[in-house]
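Novice: Can you keep this structure in mind? I'll have questions shortly.
The values are calculated or read from the model by the stated rules, or taken from the named source; none is laboratory data. This one's a predicted model, so the numbers in the text were calculated from it and none came from an experiment. Neighbour counts are summed over all protein chains in view; Cβ atoms, including those assigned to glycine, are modelled from backbone coordinates with ideal geometry.
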Amino acid sequence: MDRNWTKSLFGWTTKGLLSLAVAGTLWSAPAVHAAAPSLDTIRVAMFLDLGSQYKSTTNAVTLKSAEALTASLLASGAQQALINIPANQQVRMSVDTYRVKVLETTDWKTASEAAKKLQATNDKPLLFADGNVYKLYAGMYGTEKAALDGAARTAKTAAAHLNGQTPSVKGGLHLTAGSYGSEAEAESVRKTYVDAGMDAFNVVVPSGGASAYEVWVGEAANTADLAVLKQEASKLSGSLVEQNASAPGLIMRRDVSLNLATPQATQHYMLSGGQSVLHLEGTSGAGTNVKERSDRSYRGALEIGQKNGQLYLVNELPFQQYLYSVVGAEVPSTWGAEALKAQAVAARSYALFQGNKFEVAHVVDTTLSQAYYGTAYEYPSIIQAVDATDGEVVMKDGKIVETVFSSNSGGMTADSTEVWGNRNDLFAAVESPGDSSSQAALKSWYHVLLPSGVTGYVREDNVKETGNKTSAGFLYMTVTAKDTNVRPLPLIQSNVEPVGKMNPGETAVVLEKVAESNSYDWVRGPYTSDQLLASLKGKTSNSLPSSITSLDVTERGPSGRALAVKANGQVLDVKYPDMFRSAFNGLPSTLFDIESTGSYTVLSANGAVSTVSSGQSVSVISGSGNGNVKGSGTVVMNGTGKARVIESSPGFKFTGKGFGHGLGMSQWGAKGMADEGYDYKQILQHYYRNTTITKD
């Protein structure tokens, strides 16, 4: 497509008397003749601990469905039903791994207050009721050592509630008191051990193609603890034997963790056996709610197991239904059909490229893969776009492409060297003028200077220009409502205090009129030296200065994104260029300029350039003759007529464009192209160079 698209440039010039200073790869299709790979079902991890690769953990999940669910053990590709969960009944699930038993008490207030203390820490509480006794645990932990450390922490956190008890490590080693035909029969046996002061549990286990009940005694963390447990239990019965630690079972407990205001019991099943896998699914496709995932509802089946000593939760569902949700979460359903189709093909290609990247899952449900939020994001227009492109993927040289995308590329997509530091010709910098459509419906803001010397922003619908000007030609404005907020950024932030307020009749000087900070055009800061040093800590391989007095982009890539930044003339050595986003307090993109708010650059008559701080004076020629100007509070203008105020305290303001890494397709850019009449294939081939759209 040949379009005369011009890249918009931004940043201060040096003209005038006063001026201011994940590697992308390809996946080989398994089929011959470069056919597009396909997938019937996809596995999406919601909770999973893979260490540095991915970590999202919880000590238990809370599930509820409008239909009855069958919970089955998976073994050798076969399913064996263990329990049925009635429709609309809430249950909790966890895994039988290392944990800390913090305390036991018959007093609800003591138990609940201790649990509340733990909620504010990394040692999350699980509170169980056994008759009139409340048993508080913390965890889960991947190793016994981690649990021992947790026990030491909880002893301090819950110190006021322990009443002489010492938190101790528990685990998945048990003794079994035999098998029983009914839960009632098992309960009568279990109670004899509980009455003797021992921990004992009813357990649902597989038995000859059906299920049975066993009674397990104790919860030892290691063989030494198990030996002690066995000796104590032998005083009651000599028939107890060690339970096979790898044998599957569902330990039944009464969970009162969900409402710490009043005890309300929920059935809790703890999956035992390190390799055990539990499959939960209904028959009508009503979906299952997961409380720990914002109470969202998910289609398909849920799978619970243990990985690295932590619970994992995987949603397995038809690939097409996954795409309905993903596309709906990634882009608004109101966008044009061609933009939605482009997103559908990109989402399908990206997911297929991943393979079994996460060991027990193809993808995760966060934006590390693609945003996946269940049935709430399924819309008719999205479903139509996914179905219309069924089986279509982006390919290059017979291989499927990892179709990475971002929200907004700021008018120009990133070159791979600007993100990963290495070259990949699939991701070249291309113009993306449609990105500006993200701000089409937004209001503008006035950047103003108050009489107090404070600067800030007022939204245009609260502003009235007076018609008067300063001697330098700057407009005056006032406001139309009492106590109008003057905000630090051109954006309403309910959690950020305004820098001032204005009332009708009060005036301020207009420095400039800007767009509302958004995904295309944004402002962040100003940040102090201390704030930047705190954010940079641990993100550079070289040492940092004790104070930052200057901060400059010294090298840019093909799209204008920052490749190198110097602090006090010293290069900030980050692992790859896109790390500058997190290094500078989470910037939206690396397509930015840095403005030193406490200094400005002067170009003298002889061509010499110098930087003047807010505390220094400089000789200037003005309309009234020669004079000295001190930096602090001075309004300076660059060669393009843009003005700003020199602040008394040094700081660094970031102005930029785009949201995200900028590689591949820009979602807002795709919308803009669709609005101009391009179809989804043209959109995709614009952003992913030298590719084809192939259907399986």
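Novice: Hand me the list of strands (runs of 3 or more DSSP E) wholly inside the stretch 249-325 holding 1 or more residues that are touching an Asp or Glu at 6+ places or on another chain (Cβ under 6 Å) and hydroxyl-bearing (Ser, Thr, Tyr).
Specialist: 266-272
Novice: Separate question: Considering only the stretch 560-573, how many residues are more than 15 Å from residue 652 (Cβ to Cβ) and either in contact with a helix residue (DSSP H, G or I) (Cβ under 6 Å, 6 or more places away or on another chain) or not assigned by TED's automatic domain parsing to the domain that holds residue 417 (or both)?
Specialist: Counting residues in the stretch 560-573 that are more than 15 Å from residue 652 (Cβ to Cβ) and either in contact with a helix residue (DSSP H, G or I) (Cβ under 6 Å, 6 or more places away or on another chain) or not assigned by TED's automatic domain parsing to the domain that holds residue 417 (or both) gives 2.
Novice: Now a separate question. Identify, please: which residue in the stretch 125-168 is among the aliphatic types (A, V, I, L, M) and in a helix (DSSP H, G or I) and is, among those, surrounded by the most Cβ atoms within 10 Å (Cβ to Cβ)?
Specialist: Initially, the stretch 125-168 is screened for residues among the aliphatic types (A, V, I, L, M), giving 126-127, 129, 133, 136, 138, 140, 146-148, 151-152, 155, 158-160, 162.
Among the residues that remain, those that are also in a helix (DSSP H, G or I) are: 146-148, 151-152, 155, 159-160.
Values: 146: 16, 147: 26, 148: 16, 151: 22, 152: 12, 155: 16, 159: 10, 160: 10.
So the residue we want is 147.
Conditions (1) in contact with a Ser or Thr (Cβ under 9 Å, 6 or more places away or on another chain); (2) surrounded by 18 or more Cβ atoms within 10 Å (Cβ to Cβ), marked per residue:
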residue: 435; (1), (2): yes, yes
residue: 467; (1), (2): no, no
residue: 487; (1), (2): no, yes
residue: 492; (1), (2): no, no
residue: 496; (1), (2): no, no
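Novice: Kindly indicate whether any position in the stretch 205-223 is within 17 Å of residue 131 (Cα to Cα), polar (S, T, N, Q) and either modelled with pLDDT of 95 or more or part of a strand (DSSP E or B) (or both).
Specialist: no
Novice: Further question: If I filter the stretch 524-532 for residues that are touching an Asp or Glu at 6+ places or on another chain (Cβ under 9 Å), modelled with pLDDT under 95 and within 30 Å of residue 436 (Cα to Cα), do I get at least one hit?
Specialist: Step one: list which residues in the stretch 524-532 are touching an Asp or Glu at 6+ places or on another chain (Cβ under 9 Å), which gives 525-526.
Still in the running and modelled with pLDDT under 95: 525-526.
Retained after the next criterion (residues that are within 30 Å of residue 436 (Cα to Cα)): 525-526.
Scanning the stretch 524-532 turns up at least one residue that is touching an Asp or Glu at 6+ places or on another chain (Cβ under 9 Å), modelled with pLDDT under 95 and within 30 Å of residue 436 (Cα to Cα).
Novice: Then there's this: Go through the stretch 137-189 and give me each residue that's touching a strand residue (DSSP E or B) at 6+ places or on another chain (Cβ under 9 Å) and either of a type in the set (Asp, Glu) or at positive phi (or both).
Specialist: 139, 144, 149, 163, 178, 183, 185, 187
Novice: So which pairs qualify, if the first residue must be in the stretch 529-548 and over 14 Å from residue 566 (Cβ atoms), the second must be of a type in the set (Val, Ile, Thr), the Cβ gap must be under 7 Å, and the two must be at least 6 apart or on different chains?
Specialist: 529/548; 533/548; 539/574
Novice: Would you mention how many residues in the stretch 326-358 are surrounded by 24 or more Cβ atoms within 10 Å (Cβ to Cβ), more than 14 Å from residue 693 (Cβ to Cβ) and of a type in the set (S, T, N, Q)?
Specialist: Of the residues in that region, 0 qualify.
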